[in-house]
Structure formats: structure tokens, C-alpha cells
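A short write-up of the structure that comes next.
FYI, it's all coordinate maths here, none of it is from the lab. Since the structure is predicted, the reported quantities are computational estimates derived from the model, not experimental observations. Heads up, the Cβs are rebuilt from the backbone with ideal geometry, glycines too, and the neighbour counts pull from every protein chain shown.
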Amino acid sequence: MVTTVEVLAPGMQTTVQDLGRPGYGHLGVSACGAADGLALRVGNLLAGNCEGAAALEMTLLGGRFRFHGAARCVLAGADFDCKLDGIPVKLWAPTDIRAGQTLAFGGAGTGARCYLCLGGGLLIEPVLGSCSTHIPSGIGGIDGRPLVKGDLLSIPAPADSPPPRPIRRAVLEKLRPASDILRVTAAAQTASFADESVSNLHSLPWTVQSDSSRMGVRLAGVALTAPLRGSMTTEGAPLGAIQVTPSGEPVILFVDHQTTGGYPKIACVIAADHWRIAQLRPRQTVRFDHVPFAEARRLLLEREALLRPEVLFG
Amino acid sequence: MSDSALRARFHGLPPIEAQTKVAGLFEAISAAKIAGLKNLHPAFTTLLVVYNPLAWTPVALVQRLEEARKRAGSGPAPRERVTVPVCVAAGFAPDLGEVAAGAGLTVERAVERFSSSVFHVAFLGFAPGFPYLLGLPPELATPRLARPRTHVRTGSVGIAGEQTGIYPAGTPGGWRIIGRTPLRLFDPKRVPMSLLLPGDEVRFEVIDERRYEELSQW
């Protein structure tokens, strides 16, 4: 049994996302995936789904959705002031929706991205093993594009299952502490930068530019001096790498980033903090703290331990 | 290179040799089907290995990749030869005049130089199915446009410095466009998805507008 969700208003940029499309990087296909993968995973677990089920990712301004059948939803990530037929909906908890009800999201008060996870997950035909929408190449999700008014999304009719156990709020706070610090390791060309540029990156505040996107987060601050001007050979670039453009502007390569790049990389945001990049708001300031590689791995292992069901749920 | 990626680098080699080394390592690691690897990104002189840091420590992974390299045969699979038809008529090649002028050649002579050259696919990057080709005659090398175009037509063949590439989809881009192919470079529903693969040998065959329409796969 399948039911549908009708898009009454799409919001600023709402796309179908799961945990992404790894394995095709050598063909130039971006790994893509939810910007805040941590929120998507927790939201799905709370909805009784597998952690990588396809859900909707909303950015800064959410949409309005009419449910043609019953459903169970979980909102995860930033608070978008969501209401179900006028009644506020709690984040990080399952909410049962009846046929005919409308879920209406507002704007983000803090953070930038909110996930609407639905029980059973969105029924979307995967492309290269993933439902994630990659807008630049027009692949995945609904025709490779953000949602538009009138789109109909299919979801399985809810199983007659008890709601999953509630999340432990203390664990959630440990998983997603508020901070304006992104931790970074060294990157491929760090040693080519002047010491002053590296120390400026780590000691000065940076402002998120409003033309940032899922491809890259552009930062404004003191201009860094890009080394190797024009002489760097294009190479594969990892998620979270901070490239410095010839004009001295740092750009964090984000989930939709191109598979290769020719700008030198001064640092790389650690995997445990990738979700934080998703929640950066335009004009917000952010700082970078250097950590050694071993510490980056320890932080990720610590984070993953909190995601074990016996820890996450009460 | 990050807490989730390792980079192998072959530097100080002529471009084709470096490409062969990168392709060989790529093939060896792909064939070994190592669990916990997310993506492999071959490029001109490097191979970036993106892995799940929960599955591997960098030290253990380097050791495993070394094993895969030693166990692999004598290099990558034989190269395919692909002929790419390209229309250079007015409207298909907005930067051809400037590229020819920069080389001190007539347009006809520049096209002849281009279409008599043998190219090699170094790697695919930038966008799904976008090939970075080695083999451009040095006199045709032209810097990127100072201001990138907001839209480059699908199938456009472009030059950036000494590199040649083909746009698999309409995107913004700063490469000098010297022609357009009617072939579809990338289709996730097709086997193989990408018309060109690293190591392939590519020649360009000049076609007229009528032939372009006949072959058009868009």
C-alpha cells in the first residue's frame, strides 16, 4: 500500500536526499547525499527506518505538504517552526499524521537545514544506487531537481507498528553541541601555504557568504595568499577540503562538490564535523580549530558510539 | 589528505606515463574490491582514495592498498579507441577563431591540427562523464576565458591551457569552445554509463551541421 504527499509549496530549496552516491567518483559523479547526514540518520532511526532512507532536505525556508493518507514523520536538524494543521510539531520525535492534514514549515531560527523523515522512507527510484538529488548534474530525486509545487511523493502506508522509543535528550545534546567552531586537519597542499595564511585561517573569524550552496561554502575574511598560482595539477578533492581561490578566498567543498579541483587545499574539515557545515547560516561567523589526524578519528569513533541504538534511545 | 582520504602521487613523470601509473593503481584497487572504500578519484598524476574512517586506520589501509597493487597484473586494461565526431561550424565553436589566431594559424589549419591529433583520456572529473584529455598540439593551448560563460552547450569541446575536455551537460564553464559533438557522453541508464574511460584513445572527426543533426543523441 502506497500513499502520497503533495507539495503545496516547495520552500527555498527542498530536495530528496539519502546518504549519497559513493562508488562512481572515477566517472566524475559527485558522492552527494544529505548535507547534515547526522540529522538524517537520527531522524530516520526515530521514524523506525534504516538510517539511510530517503527523506526531504529543506534549506533555510521550508515547504508545505499535504498528506493524502496517514503517515508518521520525524523532523530532524534545524528548527523550522513546523506546524501540523496549526499545531506546533516537536523536533526529534515521531508525529503521527492523519489523511488530509497539512505540514507547514517556516524559516530556520538557528541552523540552516531540516529533514522531513517519513516512516518507511520516500519511494524514489534510485540512480546509481542512491535517491539523492544532485542538482548540478540533474541526477536522482525527482528528475534531478529541487521539489516544485504540485510534485507528488510516494510513501508506504504506515505499518501498524508502535512508535519507536524516544531519543535520550542528553545524548542528542552530546551529538550536536552548539558551536561556531569547525575542526580541521591538514590537507594536501597545507605545507605549500605561507605560515601566515595557515595561522590566519586558524586564528581569525570567517563569515559565511550568502552565495554558498551544497557544492561549496564560500567564506569571507582576510585574504589568504594562495600558493602554486596556476601551477597546481588538478586532482581529486575530498569532502570538507578548504580550497583557496586565486583571489585568496577559502571555499569549503561540500556534499555536491566536483570530484576534482585545481585550487590548493589549506585544510580539511573533519568527518565528525561535516554536519555542522550543513547548519551554517549566511553571514554567520565560523572559526577553525586544528586537530591531528588521530584526534579526528577519535572524535568520529566517539560520535558513532553515541549513535548505537542502546545509547541513543531511552 | 583529510581524515577520510589518502592520496597516491606519481610526479616527475611525462604526462602519459603518469596517467598509465595512476590508471594501473586505480584498476588494481578496483579489482581488489576492498570493503570500506567510498570513492576512487584518478587524476593527472594522483589517485585519491576516499574511505570510511570507521573501517580503516590510514596505516592499515596503506598496507592493504600496497598489497592490492602488488597482486595486480601488468597495468590497466587495453585502451579503447574512440572517434568523437565534432562540428566546428559557426555557432558550434564560439572560441575557435581566437584559438586559431593565438596559434598564428587559419581556422582551417587549426581544425586540421586538432583533428589529426591523438588524445588520451587522463581521467573523468568536474561533472559526470567529463573527460580531461591529454594530447592537444601545444600551439593550440589557450588559457581559460577571463569570465566564464554562464551556460556552455551540452557536447561542447573545450580547451583550457593544454587540456581538452568535453561538456557532458550544459553547465557554466570557462573553457574555450572550439566545437560540439552530437554524442551523449554520460547516461546513468546506459552500459557503460560513460562514453569515455580513463586511458581511452580519442580522435576527433570533423562533421558538418547536417551530420551533427543525424547523429544527435540529445
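Values computed for the structure shown
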| quantity | calculated |
| --- | --- |
| Test item: B:44-53 mean partner chain Cβ contacts at 10 Å | 5 |
| Kirkwood Rh, angstrom, segment B:81-215 [1 / mean 1/r, Cα pairs] | 14.6 Å |
| Neighbour-limited loop hits for trypsin sites (Lys or Arg not before Pro), segment B:167-218 (at most 14 other Cβ within 10 Å; DSSP other than H, G, I, E, B) | B:LYS189, B:ARG190 |
| Kirkwood hydrodynamic radius of segment A:146-305, Cα pairs, Å | 17.6 Å |
| For B:HIS151, A:HIS274, B:HIS120, A:HIS290, order by how many other beta-carbon atoms lie within 10 Å, fewest first | B:HIS151, A:HIS290, B:HIS120, A:HIS274 |
| Cα-based equivalent ellipsoid of segment A:2-164: semi-axis lengths in Å, sorted from largest, via gyration tensor | 23, 16, 15 |
| Cα-based helix-to-principal-axis angle, A:293-306 vs chain A, degrees rounded to 10 | 10 degrees |
| Charge dipole of the protein assembly as shown about the Cα centre (unit charges at C-beta), most positive-ward option of A:LEU224, A:SER210, A:GLN101 | A:GLN101 |
| Diffusion coefficient, µm² s⁻¹, Stokes-Einstein with Kirkwood Rh over alpha-carbon pairs of the protein assembly as shown at 10 °C and 1.306 mPa s | 65 µm²/s |
| Relative contact order computed over chain B (Cα-Cα under 8 Å; 6+ residues apart), in percent | 22 percent |
| Whole-number D in µm² s⁻¹ for segment B:5-71, Kirkwood Cα-pair radius fed into Stokes-Einstein, 25 °C, 0.890 mPa s | 204 µm²/s |
| Under DSSP loop assignment and at most 11 Cβ neighbours within 10 Å, longest trypsin sites (Lys or Arg not before Pro)-free interval of chain A | A:1-89 |
| Helix B:58-71 axis, angle to chain B major axis (alpha carbon atoms, nearest 10°) | 70 degrees |
| Antiparallel DSSP beta bridges within segment A:9-137, percent to nearest 5 | 95 percent |
| Value at 222 nm in deg cm²/dmol, rounded to 500, when DSSP H runs of n ≥ 4 in chain B each add -39,500 (n - 2.57) | -8000 deg cm²/dmol |
| Average silhouette area of segment B:23-134, convex hull of alpha-carbon atoms, in square nanometres | 9.6 nm² |
